[in-house]
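Participant: The structure follows.
Every number here is computed from the coordinates shown, using simple stated rules; none is lab data. Quick caveat, the model's predicted, so the values are computed rather than measured. Cβ atoms come from the backbone with ideal geometry, glycine included; neighbour counts cover every protein chain shown.
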Amino acid sequence: MPVVQANGIGINYEVQGEGEPMVLIPYLAADQACYAFQVAEYAKHFTCYSVDLRGAGLSGKPEGEYTTELLADDVAAFIQTAGVGRAHVFGVSLGASAGTWLAAKHPELVKSLQLHSAWDKTDPFLRVIVEGWRIVAQALDSVTEMVIQSIFPFCLTPELYAARPEYVDSLAEFVRSRPMPPVDAFMRQSGAVLAHDATAILGSVQAPTLITYGRHDIVTSTRFAAPLTEGIANTELIVFEDCAHAAIYEDVEGFNTRTLDFLQRHSG
């Protein structure tokens with residue numbers, strides 16, 4: 001996979017498909033392969049650039065404070081350096097937070113924006129959850145096992161665990177197969193989650209924006225829908241009724257159909 005030097009770090013990425021450019025920004029601790037179920041469909045219609053964020057995957061993991069604004073600046077530099085052009089931008093959770101800053105600071109780079117399981121500003125409840133993940137990562141000395149044991153239960157519903165245990169196991173094995181970050185890099189990246197506050201820049205987002213949540217998500221629940229839909233000028237809202245934090249895995253077909261519809265309506 002290619003690497004470009006952008007904003008002072010090496011950014012690893014993969015390109016698949018043909019069509020208008022689309023940039024997919026991963027969630028916390030994940031590498032670019034986390035959207036495999038989506039890229040398989042999107043790449044039939046778009047050129048998909050899947051990146052590894054600072055602190056994860058095969059991208060650089062320098063010391064220092066990470067913020068969602070810094071992650072957005074990394075992605076903006078990647079888009080410019082790699083010659084991507086004006087792109088459809090997609091992100092889940094931390095990726096959505098970076099996407100919000102990207103669209104606000106660099107509107108010329110963003111043709112459409114998708115914010116899945118997103119939030120405007122970290123609140124006390126979200127802070128407690130993420131602090132818990134940090135404690136477990138340090139206790140286990142493993143980001144991989146922390147993700148499987150502590151983050152998965154927030155991403156998937158109890159019904160999925162009961163009905164499709166083999167599928168949950170396959171997702172766990174997928175995580176174990178990926179280049180996961182060391183604990184120190186996870187602490188820096190999760191620090192960006194804790195510090196996230198985009199309230200002042202939501203009004204600068206110009207791109208048409210799709211915002212989605214899982215009805216059973218408690219991490220970034222629909223409590224964050226109003227601040228985002230009221231703060232960003234041109235939004236659509238979808239709630240996936242039978243999903244938690246990760247509709248991308250729990251309702252793959254429904255998620256892909258609804259998001260591809262949005263993409264195609266804002267293409268051309």
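Participant: Only one residue in S177, S150, S142, S190 is under 30 Å from G203 (Cα atoms) and among the polar types (S, T, N, Q), so which one is that?
Facilitator: Matching residue, one of S177, S150, S142, S190: S190.
Participant: If the requirement is being within 15 Å of the chain's Cα centre (by Cα), at negative phi and of a type in the set (S, T, Y), which of these qualifies: T235, T199, T259?
Facilitator: On inspection, the qualifying residue turns out to be T259.
Participant: Applying the selection to the range 48-69, what residues are in contact with a Phe, Trp or Tyr (Cβ under 9 Å, 6 or more places away or on another chain) and over 20 Å from M1 (Cβ atoms)?
Facilitator: Residues satisfying the conditions are T67, T68, E69.
Participant: Now, a different point. Identify all residues within the range 196-226 that are charged (D, E, K, R) and either more than 21 Å from F262 (Cβ to Cβ) or surrounded by fewer than 18 Cβ atoms within 10 Å (Cβ to Cβ) (or both); write none if there are none.
Facilitator: Result: D197, R215, R223.
Participant: Please enumerate the residues belonging to the range 232-251 that are over 21 Å from G99 (Cα atoms) and either of a type in the set (A, V, I, L, M) or outside any loop (DSSP other than H, G, I, E, B) (or both).
Facilitator: Once the filter is applied, which keeps residues that are over 21 Å from G99 (Cα atoms) and either of a type in the set (A, V, I, L, M) or outside any loop (DSSP other than H, G, I, E, B) (or both), the range 232-251 yields only E250.
Participant: Being surrounded by 15 or more Cβ atoms within 10 Å (Cβ to Cβ), of a type in the set (F, W, Y) and outside any helix (DSSP H, G or I) is true for just one of W133, W119. Which residue is that?
Facilitator: Just a single option satisfies the conditions, and that option is W119.
Participant: Applying the selection to the range 227-263, what residues are in contact with a Lys or Arg (Cβ under 8 Å, 6 or more places away or on another chain) and of a type in the set (F, W, Y)?
Facilitator: Across the range 227-263, the qualifying residue is only F240.
Participant: Return the only residue of A172, A207, A192, A185 being touching a residue at least 60 places away in the same chain (Cβ under 8 Å), in contact with a helix residue (DSSP H, G or I) (Cβ under 6 Å, 6 or more places away or on another chain), assigned to a helix (DSSP H, G or I) and hydrophobic (A, V, I, L, M, F, W, C).
Facilitator: Being touching a residue at least 60 places away in the same chain (Cβ under 8 Å), in contact with a helix residue (DSSP H, G or I) (Cβ under 6 Å, 6 or more places away or on another chain), assigned to a helix (DSSP H, G or I) and hydrophobic (A, V, I, L, M, F, W, C) holds for just one of A172, A207, A192, A185, which is A192.
Participant: Follow-up question, since we're still on this one. I need a count of the residues in the range 202-220 that are over 23 Å from A56 (Cβ atoms) and within 15 Å of the chain's Cα centre (by Cα).
Facilitator: 4
Participant: Next up: Determine whether T229 is closer than 20 Å to L113 by Cα, surrounded by fewer than 19 Cβ atoms within 10 Å (Cβ to Cβ) and among the hydroxyl-bearing types (S, T, Y).
Facilitator: When the stated conditions are applied, T229 passes them.
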